[in-house]
Amino acid sequence: MARTPDDPTALAGGGEAGLPEALRTPTKDVTRSWVASVVAINIGINIVFFAPINVLLGLQATAIDAGSKEAILSLVTACGASVALVANPLFGALSDRTVSKMGRRSPWILAGAILGAAALLVLSGATTVGLMLLGWCGLQAAANAAYSTVTATIPDRVPERRRGGIGGLAAMGQTVGILLGAVVGFVISGNIAVGYMICAVALVVSVIPYVLRPNDPQLPREFRTDFNLLDFAKGFWINPLTHRDFGWAWLTRFMMNTGNQMTIVYLLFFLTDVVHHPDPAGGVLVLTGIYAVMVIISAVILGPISDRSGKRKIFVIISSIVVACSALIIAVSQNFTGAIIGAAVLGLGFGAYLAVDFALLTQVLPSAKSRGKDMGVINVANSLPQVIAPALAFVSVKMLGGYTALFIVAAVIGIFGALLVRNIRSVP
């Protein structure tokens, strides 16, 4: 019978001495090549998320039915995000239990990339809403299998004292992926199929440096716990009274991502219908480029500063307020100059947020033996807003007064999220 790390026999050496490396608290610094491979995966995954979200899905929805493009885009992105809600903790939990010579995480990273590429090829030929749904939902399942497991490698391998800096580099990878996704949308010149094919190649290539090296500590078979569907379903609920700081950290990230997603989900339509930009896809590229540069600067600088100071909450609160202000700037100006300023402010705030909040989250995980599942639950706070934000954006645009209402609602949600960070007690 497999024993669990909670068994007294597993801890015979005292403390963590009886645990395998895969279940210990990491103390050794990671190599630069390992960090680079994690950043590469973040780049690839975010290309395949954001090239479609920012441009390709919108163009596809317009080609299918221009009069219903907002409804089609909201439906497809919401359904895909619903799949991601389950895929993140599911594949995280499965990777926690994986016994393989490649380690716990690498098999899922590789499988996610291959199946994600296949889903992108389905999307490349989609001419109906049904095929769009099939392809996008398949991509969300596969890419989130890879994303949830590569995210779990950081608390697996990185000491707490370095997680702000590594979180900043991961945020840089995410941002470069978003920028390259916008580049894909710009260079395809309306050829949607080519855009999806470029994304498929990028996803597969991005995982090669990681999976070709023995990056993951192996889990001995005797430490593997059986997967139980009922226990997995219960794992979605992590008692916020027992793990109070985890609950507050999850809620603040959920609110932050909801406000941010509302700001970007209709960006192509905003430039088309309100700003009347002569080249909306080019405008998205310009705004994304400005945003990306500011994210990289603030993430790479402020992540290590947070590590040296030992403080997390003040950085998260201030960065959250800055992000909310960016939405207000766009709401007030509603022209391309205002959008440029808003993009710069958004990048400045969100880069710091991504780096420091990630470090904070890894410090409030409930259990070392379920890091993959718990990081998957945290990633639900990234995915669930993709379900809610398009619906809120649709209601704001169609029923509450248009794009001004959309950006004001986004800002209010972000500010509330910032205020809730003060309730986290165990992290300074």
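General remarks:
- In segment 409-428, the residues that are of a type in the set (S, T, N, Q) reach residues that are crowded, with 17+ Cβ neighbours inside 10 Å and outside any loop (DSSP other than H, G, I, E, B) with C-beta atoms within less than 7 angstrom, at least six apart or across chains, in these pairs: ASN423/TRP248; SER426/ASP245.
- Each residue in segment 187-202 was checked for being among the polar types (S, T, N, Q) and either outside any loop (DSSP other than H, G, I, E, B) or on the phi < 0 side of the Ramachandran plot (or both), and 1 of them qualify.
- Boolean, ILE329 is under 18 Å from LEU406 (Cβ atoms) and free of Cβ contacts under 8 Å to residues at least 40 places away in the same chain: yes
- Filter result for the condition that a residue is at pLDDT below 90 and under 26 Å from the mean Cα position of the chain (by Cα), over ASN46, ASN42, ASN54: ASN54
- Residue that is over 18 Å from the mean Cα position of the chain (by Cα), within 15 Å of GLY414 (Cα to Cα) and either in a helix (DSSP H, G or I) or in contact (Cβ under 8 Å) with a residue 60 or more places away in the chain (or both), where the choices are LEU302, LEU346, LEU392: LEU392
- Scan of segment 399-411 for residues that are at negative phi and surrounded by 13 or more Cβ atoms within 10 Å (Cβ to Cβ), ordered by number: LEU400, TYR403, THR404, ALA405, LEU406, PHE407, ILE408, VAL409, ALA410, ALA411
- Residues of segment 163-197 that are among the polar types (S, T, N, Q) and buried (at least 20 other Cβ atoms within 10 Å of the Cβ): GLN174, THR175.
- Only residues that are surrounded by fewer than 18 Cβ atoms within 10 Å (Cβ to Cβ), touching a residue at least 40 places away in the same chain (Cβ under 8 Å) and in a helix (DSSP H, G or I) were counted in segment 21-73, giving 6.
- Filter pass, ILE154 being within 23 Å of ARG371 (Cα to Cα) and among the hydrophobic types (A, V, I, L, M, F, W, C): yes
For (1) within 18 Å of GLN386 (Cβ to Cβ); (2) at pLDDT below 95; (3) part of a helix (DSSP H, G or I), each residue gets a yes or a no:
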| position | (1), (2), (3) |
| --- | --- |
| THR127 | no, yes, no |
| SER148 | yes, yes, yes |
| THR151 | yes, yes, yes |
| ALA170 | no, yes, yes |
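- Any hit, segment 312-319, residues being among the basic types (Lys, Arg), within 30 Å of VAL427 (Cβ to Cβ) and outside any helix (DSSP H, G or I): yes
- Hey, ARG105 among the charged types (D, E, K, R), within 30 Å of PRO159 (Cα to Cα), surrounded by fewer than 22 Cβ atoms within 10 Å (Cβ to Cβ) and modelled with pLDDT under 95 or not: no
- Here ASN215 does not fit the description of being without any contact (Cβ under 8 Å) to a residue 40 or more places away in the chain and not small (Gly, Ala, Ser).
- Residue count for segment 359-376 satisfying the condition of being under 24 Å from SER319 (Cα atoms) and either surrounded by fewer than 24 Cβ atoms within 10 Å (Cβ to Cβ) or among the polar types (S, T, N, Q) (or both): 4.
- Filtering segment 93-115 to residues that are in a loop (DSSP other than H, G, I, E, B), of a type outside the set (Gly, Ala, Ser) and over 19 Å from the mean Cα position of the chain (by Cα) leaves ARG97, THR98, VAL99, LYS101, MET102, ARG104.
- Taking the numbered list (1) more than 30 Å from LEU302 (Cβ to Cβ); (2) touching a residue at least 24 places away in the same chain (Cβ under 8 Å) in turn, ASN191 passes all entries but (2).
- Residues satisfying the stated conditions in segment 349-389, i.e. over 18 Å from the mean Cα position of the chain (by Cα) and part of a helix (DSSP H, G or I): ALA368, LYS369, SER370
- Which numbered condition GLY401 misses (of (1) part of a helix (DSSP H, G or I); (2) without any contact (Cβ under 8 Å) to a residue 12 or more places away in the chain; (3) not basic (Lys, Arg)): (1)
- Every residue from segment 127-153 that is surrounded by fewer than 23 Cβ atoms within 10 Å (Cβ to Cβ) and either in contact (Cβ under 8 Å) with a residue 60 or more places away in the chain or in contact with an Asp or Glu (Cβ under 9 Å, 6 or more places away or on another chain) (or both): THR127, THR128, VAL129
The values are calculated or read from the model by the stated rules, or taken from the named source; none is laboratory data. Everything numeric here is computed off the predicted structure, so don't read it as measured data. Glycine gets a Cβ as well: all are built from the backbone with ideal geometry, and neighbour counts include every protein chain shown.
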